[in-house]
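Below is one structure, written out as structure tokens, with a few remarks after it.
Every number in this text was worked out from the coordinates using simple rules, so none of it is lab data. These figures come from a predicted structure and were not determined experimentally. Cβ: placed from backbone, ideal geometry, glycine included. Neighbour counts: every protein chain shown.
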Amino acid sequence: MAVWIVVAAVAVTVGVVAVTRVGATLSDRGPLGNQAARNDLREGRASPDPAAPMVERTFTEEFGEIDVACQGAFAIGLDVRPDEAQGWRTISFETEPDDDIDAVFAKGDRSIEIEVFCNLGEPAVSEVERSTLAE
């Protein structure tokens, strides 16, 4: 009887570990996401593999548009187009290859920060942070 309990516990543990790893890979950056880019950045070798295909995507929000490309695990900021007619302007925009690209837009007392990373070689928004300055 004790053997069956041990076998069941091992099976459950293996199942949980497998589901956790697969789930992280599918729903988040996971081990196949941008860990390679972070490692290269830490070691001072931040450059995309020129043989990797470049995948571009445009993200549209109330601030305007941001174009980001992924080359492997590296995100590259291509362009931003703030909606100037609505009063938006670009505060900052990263263009160099990195594990993610950040851009900050502002309009009056409001700001929006968008972060884009490469999820298995495809640009994906990881976070959009909206803020209002206190009076």
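Assorted remarks:
- Zone of residue 60's modelled label, taken as backbone nitrogen in region 91-110 under 19 Å from a point 7 Å along Cα→Cβ: 105
- Spin-label pair residue 84/residue 109, simplified geometry with 7 Å Cα→Cβ offset, distance in nm: 2.7
- For residue 56, the shell of other residues with beta-carbons less than 13 Å away shows a net charge of -3, using +1 for Lys and Arg and -1 for Asp and Glu.
- Diffusion constant of region 32-132 at 37 °C, which comes from Stokes-Einstein with the Kirkwood Cα-pair radius and 0.692 mPa s, µm²/s: 239
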